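Worksheet: the structure to be examined is printed underneath.
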Amino acid sequence: MTDRGQNPTRLRRSVAASAMGNATEWFDYGVYAATATYLTDAFFPGELGTLGTMLGFAISFVLRPLGGMVWGPLGDRLGRKAVLATTILLMSGATGAIGLLPTHTSVGGLAPVLLIALRVLQGFSTGGEYGGAATYLAECSTDRRRGFFGSFLEFGTMAGFVGGSAVVLACQLALGSDAMHDWGWRIPFLLAVPLGLTGWYLRAKLDESPVFQEVAENPHPPTGLRELLTGYRREILTLGGLVIALNVVNYTLLTYQPTYLQKTIGMSESATTAMMLIGQLVMMLVLPFFGRLSDRVGRRPMWLFSLIGLAVMALPMYWLMGQGAAWAILGFIVLGLLYVPQLSTISATFPAIFPTHVRYAGFAFAYNISTAAFGGTAPLVNEAAIESTGWSLFPAAYTVAASLIGLIAWAFLRETAGTSLRGTTVPDADRTPLPAVVQPAT
């Protein structure tokens, strides 16, 4: 989509609807992370309760690849809009249902089974949500400002995290620890329902992606997983490697961190939630700046700076976090700011790795497999490693290892800043941009 041809009102609606859906998705993850200690008491009492809660988090990722395999090809065949309207309803409904579950005290072992079942449903719907929202927004954005507009999808991510943390903190301050452990933890999950309905309404009013419409109305290669797996192995592996780096950091720094700080340096529940809130707000405020910067300098330099920075600074910053609450805030903000160059450019970088006719499927497939294997399991791996070894800096070492894998994948990443996403050829800034009319497949 050229800058001149874009409708500003339509673009604003696309940004708002995409970001709202993403905020709903990550509101759940923010709430789950902030209420982990309450969920442990409610569903996983016992010595290994924290591991059970982390398993409940990780299990939601088991069906994400399957969700990607189902929703991705459907999005390439039927359109982005219809799939996105469906996934947000499934996701918000499952999140709200967690707030109605009976606890282990009431129904025994059935309680964690029901929690895990809802987390699996969330994972299945999320398998199509994030890739679809990023694809839709990238295809609706202007070529020269795709990084800036795409950063608002991640603004929605952080808004969901911040919103989840803020709601939990407000409940903690208003209700107190006893009431939160008893019933107050349910309130944040129930709020996902009106959020989801709002997101569904916004998405139902959207037009279809113009880039998708052009390909759908012209001759093009076949869509589907077979076409994806046979013709785009490099693209799948490149995106998968970058996602390992991206989401090990994401789920270690933004999800496991409350549990880590409470158990490692003994921070209180409300102090931990407040610290996460401060750090996330800082990250949220600078997201559009980094997105705009990527339009000027390119996506590859942004990722290189972030990956090297995290590999170098993870160990000293995690050591700093262990020195007290004030140092924990500083260490978290430093790592968060080093992570933002990745986070802010996801929506501009990842969809552009694939051509239009397999873009949704390629994003959803590669992203969700790597996220399920490495991202969603990060809290569980971190907790299990610390429990078995006693080494409190393991999350930092895990971050370094993931960043090194990301650097290998980065070497194969094509620069796509300013490049058109139209057509059935892999976007590449080193080639002449594709013309506005979709070219028939050869």
Quick one: would you say VAL162 is surrounded by 19 or more Cβ atoms within 10 Å (Cβ to Cβ) and either of a type in the set (S, T, N, Q) or touching a residue at least 24 places away in the same chain (Cβ under 8 Å) (or both)?
yes
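Take the conditions within 30 Å of GLU387 (Cα to Cα) and of a type in the set (Val, Ile, Thr) and apply them to ILE278. Does it pass?
In short, yes.
Give the stretch 238-258 a look and list any residue that's of a type outside the set (A, V, I, L, M) and surrounded by 21 or more Cβ atoms within 10 Å (Cβ to Cβ), or say none. Can you show your working first?
Step one: of the stretch 238-258, the residues of a type outside the set (A, V, I, L, M) are 238, 240-241, 247, 250-252, 255-258.
Selection gives THR238, GLY241, ASN247, ASN250, TYR251, THR252, THR255, TYR256, GLN257, PRO258.
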VAL340 without any contact (Cβ under 8 Å) to a residue 40 or more places away in the chain and out of contact with any strand residue (DSSP E or B) (no Cβ under 7 Å at 6 or more places or on another chain):
no
If the requirement is being surrounded by 24 or more Cβ atoms within 10 Å (Cβ to Cβ), in contact (Cβ under 8 Å) with a residue 12 or more places away in the chain and within 20 Å of the chain's Cα centre (by Cα), which of these qualifies: ALA16, ALA34, ALA42?
ALA34
Hits in the stretch 56-111 (condition: outside any helix (DSSP H, G or I) and either on the phi < 0 side of the Ramachandran plot or modelled with pLDDT under 85 (or both))
SER60, PHE61, VAL62, LEU63, GLY79, GLY99, LEU100, LEU101, PRO102, THR103, GLY109
Please go through the stretch 354-371 and give me each residue that is surrounded by fewer than 24 Cβ atoms within 10 Å (Cβ to Cβ) and in contact with a helix residue (DSSP H, G or I) (Cβ under 6 Å, 6 or more places away or on another chain), ordered by number.
ILE369
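The values are calculated or read from the model by the stated rules, or taken from the named source; none is laboratory data. Since we're looking at a predicted model, the values are computed, not measured. Neighbour counts are summed over all protein chains in view; Cβ atoms, including those assigned to glycine, are modelled from backbone coordinates with ideal geometry.
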